[in-house]
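See below for the structure under consideration.
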Amino acid sequence: IPVLEALADGGIPLLEVTLDTPGALDAIASIAGTGTTIGAGTVLDGDQVRASADAGAGFVVSPGLVDAVVEQALALGIEPIPGVLTPTELLRARRLGASAVKIFPAGPCGGPELIRALRSPFPEVGLLATGGIAPLRAAAEKAGNTDFTPLWSGQNASGCREMGAAELTHALMS
């Protein structure tokens, strides 16, 4: 919870806590209502969607496209972000009502090239790249690829608990 609070205090507007993290729902509840949008990740079923919403999550992220997750999230008024990898999955997610999807695992499956290929026929859908993307970020930025939107993972940060809010925010934003 201290890392989440530091990120929120440092101005990070959107945070995700995966439900496989011990105390995830308590962490979500501690940030909900502070002005930072907090969401739940690794959401696998409708019961987890409801628990996340009850804790104050504004969105849920799933590693795959689970109809019940998308449907339950929309019914509860929170944003579903299902995981997809193919155009067929993206079409199904859109048909279910998702306005954004998680491209997972983006890195080993094409990275920026995959995002570009999906962006063309689906310009209205938000594409968030995750999974093996750290080495691809610099290359995408250098190439000026604005379609590649990698998400930072707290698992990549060593020592972040010792950083202050400003230092942590600067490290994440640079």
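The values are calculated or read from the model by the stated rules, or taken from the named source; none is laboratory data. Nothing here was measured: the structure is a model prediction, and the numbers come from that model. With ligands, DNA and RNA removed, areas are computed over all heavy atoms of the protein, side chains included. Shrake-Rupley method; radii C 1.70, N 1.55, O 1.52, S 1.80 Å.
So with the 1.4 Å probe, I'd like the accessible area per residue for region 31-73, rounded to whole Å².
Heavy-atom accessible area per residue stands at 37 Å².
Fully extended, how many nm does the chain gain between D45 and R94 (0.36 nm per residue separation, minus their Cα-Cα distance)?
Once the chain is fully extended between D45 and R94, it gains 15.8 nm.
How big is region 20-105 by the Kirkwood estimate over distinct Cα pairs, in Å?
12.7 Å
What is region 1-81's relative contact order, in percent, from Cα pairs under 8 angstrom and six or more apart in sequence?
Dividing the mean separation by the residue count of region 1-81 yields 24 percent.
Starting at the first residue of region 16-22, write each ³J(HN,Hα) from the Karplus equation 6.51 cos²θ - 1.76 cosθ + 1.60 with θ = phi - 60°, in whole Hz, x for Gly and Pro.
Those phi angles translate into 10, 10, 6, 5, 7, 8, x Hz.
Would you mind calculating the gained length between R116 and A29 on full extension (0.36 nm times residue separation, minus the Cα-Cα distance), in nm to one decimal?
27.7 nm
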